[in-house]
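Only one structure is covered here, and it is reproduced in the block below.
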Amino acid sequence: MEGIHSELTDKLFETILRLKTVDECYDFFEDICTIKEMRDLAMRLRVAEMLDEGKSYQEITRETGASPATICRVNKCLTYGKGYKAVLKEGNEK
């Protein structure tokens, strides 16, 4: 499988960075993602927030409907990655 870093992915992220309002984000993501994909992305962010708050897998599943496998993957990214940490830190500072 090809890595995530590519010219096409750079262009996608540069495009996202040009969006200025929540409405612009809705318009763009409604065009580029299915409703399920958008819901899944939003749910993963909520799972990361809840893990960061110290919630249990059971509490997270009950609130979000996320599977234990999804929660585990988000937890692994939260522990070893940089992306969730950066956005959660930024969100806590606001």
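Readers should treat all values here as calculations from the given coordinates under stated rules, not as data from a laboratory. A quick note: this is a predicted structure, and the numbers were derived from the prediction, not measured.
Full extension of the chain between GLN58 and THR34 yields a length gain of 5.9 nm, computed as 0.36 nm times the residue separation minus the alpha carbon distance. Sequentially through the range 12-24, phi angles give Karplus couplings (6.51, -1.76, 1.60; θ = phi - 60°) of 4, 5, 4, 5, 4, 5, 7, 5, 10, 10, 4, 4, 4 Hz, Gly and Pro residues having no value and appearing as x. Evaluating 6.51 cos²θ - 1.76 cosθ + 1.60 at θ = phi - 60° for every residue in the range 48-57, the Karplus couplings come out as 4, 4, 5, 4, 5, 7, x, 6, 7, 4 Hz, glycine and proline recorded as x. Rounded to the nearest 10 degrees, the angle from helix 83-93 to the longest Cα principal axis of the chain is 80 degrees. Select one label from (1) 3, 15, 29, 25, 18, 8, 2, 0; (2) 3, 11, 11, 11, 11, 12, 10, 8, 7, 7, 6, 3, 1, 0; (3) 2, 11, 17, 20, 23, 17, 8, 1: the one whose number is P(r) over Cα pairs in 5 Å bins from 0, in percent as derived from the coordinates shown. It is the one labelled (3).
In whole percent, what relative contact order does the range 34-94 give with Cα contacts below 8 Å and a gap of six or more residues? Don't skip to the end; give the middle numbers.
Working: 30 pairs, mean separation 18.9, N = 61.
Dividing the mean separation by the residue count of the range 34-94 yields 31 percent.
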